[in-house]
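Structure record follows, encoded as C-alpha cells.
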Amino acid sequence: MLGEDVERTVRKFALQNAIFYKGQANPKAVVGKVMGECPDLRPLSKELIPLINDIVSDVNSLSFERQTELLQEMDSTMMVREKKERRTELPDLEGCSEVTKVVMRIAPGPSGPLHLGHSRVAVLNDEYVKRYDGRLVNRFEDTNPEKVDPEAYDMIKEDLAWLGVEVHETVFQSDRFPRYYDVMRSLTGMGHGYVCICDSEDWRASKVSCKACPCRDLPIDEQLDRLDRFLSSGYAAGEAAAVIKTAIDHPNPAVRDFIALRQVDHPHPRTGDRYNIYPMMNLSVAVDDHDLGMTHVLRGKDHLNNTHRQEYIYGYMSWNKPRFFHYGLVSIPDTILKTSMIGNGIKDGTYRGWDDVRVGTLAALRRRGIEPDAIRKFWSEVGMKQVDVQVSWDNLFAMNRDIIDPKAKRFFFVPDPVELRVRFEGEAESSCPVHPDSPELGQRTHCFLNDFLVHICSDDMEELRDRGMIRLKGFCNIAHGEELRHAGDDMEVTRQGVKVVQWAPPGSVEAEVLMPDGETVSGLVEPISAQVDDMVQFERFGFVRIESLKPKVRAVFAHR
C-alpha cells in the first residue's frame, strides 16, 4: 500500500506539470518525474501508475488559479520552471589567427530603415568583431540614387545603435566614385576591362552563347579612349557600359563578363549632379572591401555568384582576398519586409509610418516592445548554418518573454467591458500581486464597502448568465439570480468549473491596445503604476508596451 508521502509527491509533480502546461498535467510526464525523484518506487509501478492517473485527473479538474494556490502551499520552490539555456553561441570564425586584426563590415542600402532580415548580418558581424576585438565598418551602399531615401542614413544609424551594434567607421560609397573610376582604368589598361557600345540585349545574348561581343577584344588604347569618353559623359544614356572580363566560356553564365559602370542621369541626395557614371555592386564592393582592409565577409549564399565575380577583380589587381562565408537564406513568414513596398504604403496611406506594427521594420518591433537582446539571441541561435531555414516568430517572442517577464508588472485589462452592480453588505478587499515573483513590488489592493460596481468582459458576462456564477480573480465569487450578488470568497467553486475572470475595479481607466494586425482593442484597465515605454502584462491578454497614459492608456501589443 502506497503511503501519504508518495501521494503527496505525486500530487506535487502533477500540480507542477499542470501549471507549466496550461492547466493540464500529462500522466506520462508525471510518472517520469516521480520515478526520477523516487527510483525505489519503480518495482511498485503497477500500483503507482493507477494512483498517478487518479491524481492527475483530479488536478486537471481544478482551475489554474486553484492549482497554483495548492502548489504554492505544498512547495513554492516548484513554481519556477528550470529553464534550459538555449545555445546561442556562434562558432569560431576561421582564419582569425592569420590576421593582425579582424575587420568586418555591414553594408546597408539607404532606401529605408532596417528590418528584421537586415538585422541578421548586423548582429552576426557585431558579435564576431566584439569576440575578436576587431573593427566594424558601416558602409552605406548608396550607388542607386533613385532608391536612396535621405532620411534612411540617420534611421539606419539609430537602428544599429538600438541593436547594440558598435560601428567604428562609417563610409559612403557615394564619396568614392573617383576611386572606382581609377580601378576601372587600371583593369582596362591591363586588358581586363572594356567599354561596350553594343545593344544590351545583343551583349547578353553573346554571353549566353559563350561568344565575345565585337567590343571585347579591341586594342587597349582604344578601350582606354572609350573609357575616358564614357567617364566624360560622351555617350548618350544607355549607349555604353564599362565591363570587366571574366572567362567568356565560364560554365556559369552569371559569372561571364559583368558590367562595372553604368550611366545614371538622376541626381543623388548627397552629391547632386556631380556624377552620372555609377559603379555596379561588384566593382564598388570589391574595391571597398580591399581598401577598407576586410578580413572576413559574411553574406547569404545568394551572393555566391557575386563572390565569384569579385574574385576576378582581386586576382587582376593582385589583392589579398578576405575570407568569404556564405550562410543559408532565411524566410520570415507572415510579415512585410520589402522596404520599397513599405515606403510606397506610407506614401499612399496604407501604413502610418516606418513603425507601423503591421510591418517587420526594427522601428515597428521596437514600438511593440521587442528587446534588442532578444533579436541578437535570435540571430545568434540561427547562426551561420548553410541550409535555408524558415524562422518562427514564436522563437523570437519566447526569447523576448524571457527578458521582459521578470520585470513586467501585472494588471487587469478588460476588453469590451460591461458593468456589474453587485449586492453586498459589509467590507471586502481584493489583492493580487503586482508581480508574482517580486513580492517587494507589493499588491494591487482594492477595498469595497457595501454594494459595489465592477466591469467584466462581455464574453464573461455570457458565462455568468449561462452558468450562474463566476469568480473575480483575486477577489470573490459573483452569483447571478434575480440580482447580482457577492457569493463568498471560497475558491473551491473553481473545482466545479466556475470560470475565473479578469475584472476592472472602480477607478479603472479607458485603454486601447494596438494589435499586430493594425486593429485596436478597447477596454478598461485598472489603475496602473507604470511609465511610458514600460513593458507590462495585461493578465490573460498579453505583454504590451505602454505608449501613453493620458488622456487614456494607449498600449501596443507585443505577444502573449
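Along the charge dipole of the stretch 84-195, Cβ charges K/R +1 and D/E -1, which of LEU90, ALA161, MET190 sits furthest on the positive end?
It is MET190, whose Cα lies furthest towards the positive end.
Which loop-located GluC sites (Glu not before Pro) does the stretch 120-183 contain, where loop means any DSSP state but H, G, I, E or B and the Cβ has at most 13 other Cβ atoms within 10 Å?
On the way: sites: GLU127, GLU141, GLU146, GLU151, GLU158, GLU166, GLU169; in loops: GLU141, GLU151, GLU166.
Answer in residue order: GLU151, GLU166.
Can you tell me the orientation of helix 393-404 relative to the chain, as the angle in degrees between its alpha-carbon axis and the longest Cα principal axis, to the nearest 10?
Value to nearest ten degrees: 60.
What residues have an amide H closer than 5 Å to that of LEU329, excluding those fewer than 5 places away on the same chain, when H is modeled at 1.01 Å from N in the peptide plane?
LYS301, ASP388, VAL389
Counting Lys and Arg as +1 and Asp and Glu as -1, each charge on the Cβ, what is the dipole of the stretch 4-79 about the Cα centre in debye, to the nearest 20?
The dipole magnitude comes to about 360 debye.
Helix 372-382: angle to the longest alpha-carbon principal axis of the chain, degrees 0 to 90, nearest 10?
Approximately 70 degrees, to the nearest 10.
Using the 10 angstrom Cβ neighbour count as an exposure proxy, how do LEU224, LEU298 rank, fewest first? Could the numbers behind the result be given before it?
On the way: LEU224 16, LEU298 20.
Ordered from fewest to most neighbouring Cβ atoms within 10 Å, LEU224, LEU298 come out as LEU224, LEU298.
Compute the acute angle (0 to 90°) between the alpha-carbon long axis of helix 64-74 and the principal axis of greatest extent of the alpha-carbon atoms of the chain; round to the nearest 10°.
70 degrees
Farthest toward the dipole's positive end in the chain, which of ALA479, VAL357, PRO372, given Cβ charges of +1 (Lys, Arg) and -1 (Asp, Glu) about the Cα centre?
Sorting the options by dipole projection puts first PRO372.
Which of TYR128, TYR194, TYR314 comes first, and how do the rest follow, when ranked by fewest Cβ neighbours within 10 Å?
Values: TYR128 21, TYR194 27, TYR314 15.
Neighbour counts put them in this order, fewest first: TYR314, TYR128, TYR194.
Whose amide H sits under 5 Å from the amide H of PHE324, counting only residues 5 or more places off or on another chain, with H placed in the peptide plane?
VAL297
Distance from the Cα centre of the stretch 320-394 to that of the stretch 254-307, in angstrom?
23 Å
Per-residue HN-Hα couplings for the stretch 423-429, Karplus 6.51 cos²θ - 1.76 cosθ + 1.60 at θ = phi - 60°, whole Hz, x for Gly and Pro?
Taking θ as phi minus 60°, the curve returns 6, 6, 10, x, 10, 8, 9 Hz for the stretch 423-429.
What 222 nm value per residue comes from the helices of the chain, counting each DSSP H run with n ≥ 4 as -39,500 (n - 2.57) and dividing by all residues, nearest 500 deg cm²/dmol?
Values: 16 runs with 191 residues, N = 560.
Value at 222 nm, helices only: -10500 deg cm²/dmol.
Please work out the C-alpha center-to-center distance from the stretch 431-449 to the stretch 1-73 and express it in whole Å.
30 Å
Give me the net charge for the shell around PRO506: Cβ to Cβ below 15 angstrom, other residues only, Lys and Arg +1, Asp and Glu -1.
Values: positive: ARG421, ARG444; negative: GLU419, GLU427, GLU429, ASP451, GLU510, GLU526.
Here the charged neighbours net out to -4.
Once you've got the Cα coordinates, tell me which of LYS130/LYS407; LYS101/LYS130; LYS101/LYS321; LYS101/LYS301; LYS207/LYS245; LYS157/LYS338 are over 22 Å apart. Each step should come with its number before you reach the end.
Details: LYS130/LYS407 28 Å; LYS101/LYS130 12 Å; LYS101/LYS321 15 Å; LYS101/LYS301 25 Å; LYS207/LYS245 11 Å; LYS157/LYS338 19 Å.
Over 22 Å apart, Cα to Cα: LYS130/LYS407; LYS101/LYS301.
Got a sec? How would PHE230, PHE448 order by Cβ neighbour count within 10 Å, fewest to most? Mind dumping the intermediate values first?
Numbers: PHE230 23, PHE448 20.
Ascending number of Cβ neighbours within 10 Å: PHE448, PHE230.
Put +1 on the Cβ of every Lys and Arg and -1 on every Asp and Glu Cβ in the chain; which of ILE336, VAL500, PHE64 then has its Cα farthest towards the positive end of the dipole?
ILE336
To the nearest 20 debye, what charge dipole does the stretch 409-559 have about its Cα centre, counting +1 at the Cβ of each Lys and Arg and -1 at the Cβ of each Asp and Glu? Walk me through the numbers on the way to the answer.
Values: 17 positive and 27 negative charges, 33 e Å.
That gives the stretch 409-559 a dipole magnitude of about 160 debye.
The numbers here are math on the coordinates, done by the rules we state, and not lab data. Remember, predicted model here, so these are calculated numbers, not experimental data. All Cβ positions, glycine included, derive from the backbone under ideal geometry; neighbour counts span all protein chains shown.
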